[in-house]
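First comes the structure, then the notes that go with it.
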């Protein structure tokens, strides 16, 4: 993996940083997420009832998709920032769930650097524009402006 300094990364504002590997969203993953979040809505966990909806079957929770961003960015081909001691989530400026992810589909994340600011010496705040693509579909599942901080 390519390493880059925070200062060099700052020069990439507005550029695509990377794309993740494909992630299979299968029913066991959806069921496990429903269990851990205590969100057993039938459109997620009941294939028979969900088949009667416009979705035609079970779909992933929007928050499952959002939570996979951490994995996707880590599994992407983006440059690694040299000397990072830790990173933390700071929040989101925008999150939109644009299309359902049907059980059995694959998704991947695309990451564009919207902003990077040094808040204090060694403390950097970045905003990534995240798009989660559904394999074989025109509309993305999710778009989000994700804010994180990392410390070098």
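Suppose we filter the range 71-116 for residues that are exposed (fewer than 14 other Cβ atoms within 10 Å of the Cβ) and under 11 Å from the mean Cα position of the chain (by Cα); how many remain?
The number of residues fulfilling the criteria is 2.
What is the residue count in the range 127-152 for residues that are buried (at least 17 other Cβ atoms within 10 Å of the Cβ) and in contact (Cβ under 8 Å) with a residue 60 or more places away in the chain?
Total satisfying the criteria: 9.
Given the conditions (1) surrounded by fewer than 15 Cβ atoms within 10 Å (Cβ to Cβ); (2) in a loop (DSSP other than H, G, I, E, B), report the number of the one that residue 12 does not fulfil.
Just one mismatch for residue 12, condition (1).
Return the residues of the range 44-55 that are surrounded by fewer than 17 Cβ atoms within 10 Å (Cβ to Cβ) and either touching a residue at least 40 places away in the same chain (Cβ under 8 Å) or in contact with a helix residue (DSSP H, G or I) (Cβ under 7 Å, 6 or more places away or on another chain) (or both); say none if nothing qualifies. Give the derivation first.
Restricting attention to the range 44-55, the residues satisfying the condition of being surrounded by fewer than 17 Cβ atoms within 10 Å (Cβ to Cβ) are 46-49, 51-55.
Across the range 44-55, the qualifying residues are 47, 49, 53, 55.
Would you point out the residue of the range 23-42, among those that are assigned to a helix (DSSP H, G or I) and either without any contact (Cβ under 8 Å) to a residue 12 or more places away in the chain or touching a strand residue (DSSP E or B) at 6+ places or on another chain (Cβ under 6 Å) (or both), that is surrounded by the most Cβ atoms within 10 Å (Cβ to Cβ)?
Pass one, the range 23-42, residues assigned to a helix (DSSP H, G or I): 27-37, 42.
Going one step further and asking which of them are either without any contact (Cβ under 8 Å) to a residue 12 or more places away in the chain or touching a strand residue (DSSP E or B) at 6+ places or on another chain (Cβ under 6 Å) (or both), we end up with 28, 32, 35-36, 42.
Values: 28: 9, 32: 11, 35: 11, 36: 10, 42: 13.
Top of the filtered list is 42.
Pick out, from the range 60-152, the strands (runs of 3 or more DSSP E) lying fully within it that include 2 or more residues that are touching a strand residue (DSSP E or B) at 6+ places or on another chain (Cβ under 6 Å) and closer than 17 Å to residue 4 by Cβ.
Where strands (runs of 3 or more DSSP E) fall fully within the range 60-152 and carry at least 2 residues being touching a strand residue (DSSP E or B) at 6+ places or on another chain (Cβ under 6 Å) and closer than 17 Å to residue 4 by Cβ, they are 105-120, 123-134, 142-151.
Coordinate-derived values only; no laboratory data. Computed from a prediction, not measured in an experiment: that's the story for all the values here. Reconstructed Cβ throughout: ideal geometry from the backbone, glycine too, with neighbour counts over all protein chains shown.
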